[in-house]
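Below is one structure, written out as structure tokens, with a few remarks after it.
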Protein chains: 4
Amino acid sequence: RLARLQQKEAVEFKEHLDNLNDGVIAIILTVMVLEVPLPSQAGVSYRNFMGSMFIFLVSFFVVANFWYDLNRMLLVLNRVSKKMIVNDFIFLAALSVIPMLTKWMMLEPSSLAVFDYGIAYFIANLMKLIISANAWEEFFNEVEGSPHMFSMRLGRRLLIVLIINAVLIFLAYVMPRWDLLAYLLLT
Amino acid sequence: RLARLQQKEAVEFKEHLDNLNDGVIAIILTVMVLEVPLPSQAGVSYRNFMGSMFIFLVSFFVVANFWYDLNRMLLVLNRVSKKMIVNDFIFLAALSVIPMLTKWMMLEPSSLAVFDYGIAYFIANLMKLIISANAWEEFFNEVEGSPHMFSMRLGRRLLIVLIINAVLIFLAYVMPRWDLLAYLLLT
Amino acid sequence: RLARLQQKEAVEFKEHLDNLNDGVIAIILTVMVLEVPLPSQAGVSYRNFMGSMFIFLVSFFVVANFWYDLNRMLLVLNRVSKKMIVNDFIFLAALSVIPMLTKWMMLEPSSLAVFDYGIAYFIANLMKLIISANAWEEFFNEVEGSPHMFSMRLGRRLLIVLIINAVLIFLAYVMPRWDLLAYLLLT
Amino acid sequence: RLARLQQKEAVEFKEHLDNLNDGVIAIILTVMVLEVPLPSQAGVSYRNFMGSMFIFLVSFFVVANFWYDLNRMLLVLNRVSKKMIVNDFIFLAALSVIPMLTKWMMLEPSSLAVFDYGIAYFIANLMKLIISANAWEEFFNEVEGSPHMFSMRLGRRLLIVLIINAVLIFLAYVMPRWDLLAYLLLT
């Protein structure tokens with residue numbers, strides 16, 4: 001009986017985690033628009049408004065893209081372990097600060113802003129990779145074997161992500177404006 | 001196995017997209033009320049309050065109406081393609097700026113405000129039509145054939161929407177106040 | 001085929017409406033807490049803070065109570081008509097202004113504030129009754145007959161709600177403070 | 001028929017309550033980030049920004065942890081009673097003020113702030129225990145018997161939680177800074 005309960009637990013937690021992910025990302029997507037200042041307010045020109053709008057749209061599609069990737073990864077799973085849930089929460093925490101940092105970065109492309117954005121973006125990407133690795137590992141465990149080749153490919157991808165992000169974070173100190181452009185192109 | 005996984009993927013993505021749509025639209029609907037100023041604040045008369053309330057209710061039902069239309073269209077589908085997801089995100093982005101632009105337009109019915117509202121409204125309507133076209137196309141693909149006549153009717157509707165919106169956006173320059181009224185009647 | 005599609009449409013819309021209801025009410029419940037001022041801010045005493053906290057908790061349980069009633073009513077249904085959706089949206093619109101009006105009423109128990117709260121509260125209750133009536137009507141339609149006695153009981157309840165609310169709204173003009181107390185006891 | 005309806009009601013309410021829980025907690029998690037001030041604003045140093053960020057992250061994981069515990073407890077149930085729903089709402093109300101109080105406590109570690117946080121934290125923990133007790137009680141009722149030993153263990157745990165919280169709340173008066181540290185370690 002307890003075994004059956006644990007089975008049920010793992011399956012239902014998957015569903016709840018999916019709901020929470022969708023909910024958190026829906027809020028991240030939408031709440032950003034509240035911070036766009038209206039041109040009818042004092043000291044806000046139409047140019048500021050358009051800039052804020054552009055920041056909103058960039059953040060919107062960055063987060064939407066993460067939503068797509070996350071859901072693709074979690075799709076292969078039928079259940080979810082505690083480790084996965086913790087990883088997912090770290091991912092959501094990193095994701096929820098991205099809009100705020102995007103805004104800061106665009107308002108004032110200083111080294112510090114681009115650097116912080118780089119860190120958050122890096123953590124979100126790292127967690128995405130780890131969740132992806134966990135997901136595929138469990139997927140292959142459920143069936144048969146030899147996910148060896150797969151794990152090597154993953155390791156290579158992890159390395160590439162690490163290097164690109166290290167370079168970008170370093171660049172933030174030297175030339176923040178060009179680095180900002182690189183981030184925009186990348187997303 | 002991989003084919004089965006892809007099948008499952010397309011079906012489950014539909015569910016997630018539905019959840020995200022419902023979540024984003026629920027937030028758009030509710031978060032607007034936070035921006036209504038209370039009459040107990042300094043410099044806010046009861047008349048301002050009633051005006052804000054009216055703007056809130058108009059935006060509420062405009063967005064609620066889009067929710068109804070979107071759900072009707074997505075209902076015919078059992079799965080969802082990547083193209084559909086991207087279109088849906090553009091739709092959501094346009095939808096989430098509508099409350100903000102409604103507010104601006106009502107506070108200050110200038111050409112610029114009505115023009116921007118026109119653009120957002122037009123994009124939302126355009127994406128709605130495109131999603132509708134995709135949905136019906138896929139629906140007929142799943143069964144048998146000859147969606148030819150149907151696609152012609154759709155093309156005609158697309159043309160009508162394009163023309164009406166072009167006229168309304170043009171009018172925004174000439175007489176913003178009347179144009180605002182036209183938008184209110186239309187929704 | 002089209003008949004089957006319409007059947008599916010009515011059933012799935014029920015699910016989407018439930019999701020939207022839960023989402024909107026979850027946001028109304030939570031977003032209120034953002035407006036409570038912290039005592040560390042200038043000009044906010046601990047007494048103000050406790051007052052705001054009390055307002056938050058009252059609104060929280062008023063809205064939670066509406067959530068409970070709404071879900072009980074919609075539970076008897078398997079599908080949902082367009083009329084029901086429109087009624088539900090009016091209900092949600094009235095519900096989403098209640099926290100704001102609660103805040104105003106508590107900050108400044110003037111006639112106007114209590115009067116407006118009375119109107120919103122009345123609309124929410126009225127829509128609740130109408131949705132309830134629709135739901136039971138459809139429920140009895142699905143099975144067999146003679147919902148006559150039932151509809152009479154409902155009519156009586158409608159009359160009672162109308163009278164109580166009319167009296168309370170009228171009292172708002174004469175003695176707002178006592179009326180506010182009556183609302184608090186009622187919820 | 002009515003018996004079948006009540007059966008269905010209890011099962012569906014469980015689902016709705018789960019949705020509402022996930023929704024409310026998703027919003028609590030995400031909305032906190034909006035209150036982090038950007039360093040580009042006047043009078044906000046990078047140090048303030050990092051402090052706010054740290055508060056955000058602590059609150060995020062405290063709430064995420066409550067989410068995990070709540071879902072684990074509700075998982076054993078297939079249906080839900082009215083008492084459970086009321087308890088759940090009190091839990092959500094306590095949970096939704098925690099982020100705000102965390103912020104206050106960190107900005108200004110006064111006796112009052114730590115004391116209030118202690119109260120909210122205590123109520124959330126208490127409700128968690130009560131919901132847990134209810135859930136296991138119902139779970140054992142559904143099957144066979146003798147949850148006696150279990151209820152004793154629960155009583156002991158309840159006592160421990162009560163004592164720890166009483167001590168912590170008392171400490172808030174004597175040495176708020178050390179007490180704050182104790183809370184951080186505990187979560």
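General remarks:
- Meets criteria (open to solvent by less than 10 Å² (accessible area, probe 1.4 Å), aliphatic (A, V, I, L, M) and either modelled with pLDDT of 75 or more or touching a Leu at 6+ places or on another chain (Cβ under 9 Å) (or both)) for D:Ile164: no
- The stretch C:104-123 - residue that is under 14 Å from C:Leu162 (Cβ atoms) and under 9 Å from the mean Cα position of the chain (by Cα) and, of those, least open to solvent (accessible area, probe 1.4 Å): C:Tyr121
- Checking each residue in the stretch B:122-148 for being modelled with pLDDT under 70, part of a helix (DSSP H, G or I) and closer than 17 Å to B:Val76 by Cβ picks out B:Phe139, B:Phe140, B:Asn141, B:Glu142.
- So D:Phe54, is it aromatic (Phe, Trp, Tyr), assigned to a helix (DSSP H, G or I) and crowded, with 16+ Cβ neighbours inside 10 Å: no
- Pairs meeting the criteria (first residue in the stretch B:15-40 and at the interface with chain C (Cβ under 7 Å from one of its Cβ atoms), second residue assigned to a loop (DSSP other than H, G, I, E, B) and open to solvent by 10 Å² or more (accessible area, probe 1.4 Å), beta carbons under 6 Å, at least 6 apart or on different chains) are B:Ser40/C:Glu108.
- Taking the stretch C:60-90 as the range and being closer than 14 Å to C:Val33 by Cβ and either surrounded by fewer than 16 Cβ atoms within 10 Å (Cβ to Cβ) or away from chain B (no Cβ under 12 Å) (or both) as the test, the residues that pass are C:Phe60, C:Phe61, C:Ala64.
- Test for C:Phe49: is it out of contact with any helix residue (DSSP H, G or I) (no Cβ under 7 Å at 6 or more places or on another chain), free of Cβ contacts under 8 Å to residues at least 40 places away in the same chain, in a helix (DSSP H, G or I) and more than 8 Å from every other protein chain (Cβ to nearest Cβ): yes
- Residues of the stretch A:57-82 that are of a type in the set (A, V, I, L, M, F, W, C) and not in a helix (DSSP H, G or I): A:Val76, A:Leu77, A:Val80.
- Within the stretch C:73-99, tally of residues that are modelled with pLDDT of 85 or more and farther than 19 Å from B:Val58 by Cα: 0
The values are calculated or read from the model by the stated rules, or taken from the named source; none is laboratory data. What you see is a predicted model, and the numbers here were worked out from it, not measured in a lab. Backbone-built Cβ (ideal geometry, glycine too); neighbour counts: all protein chains shown. Side chains are part of the model used for accessible areas, which takes the heavy atoms of the whole protein and leaves out ligands, DNA and RNA. Shrake-Rupley method; radii C 1.70, N 1.55, O 1.52, S 1.80 Å.
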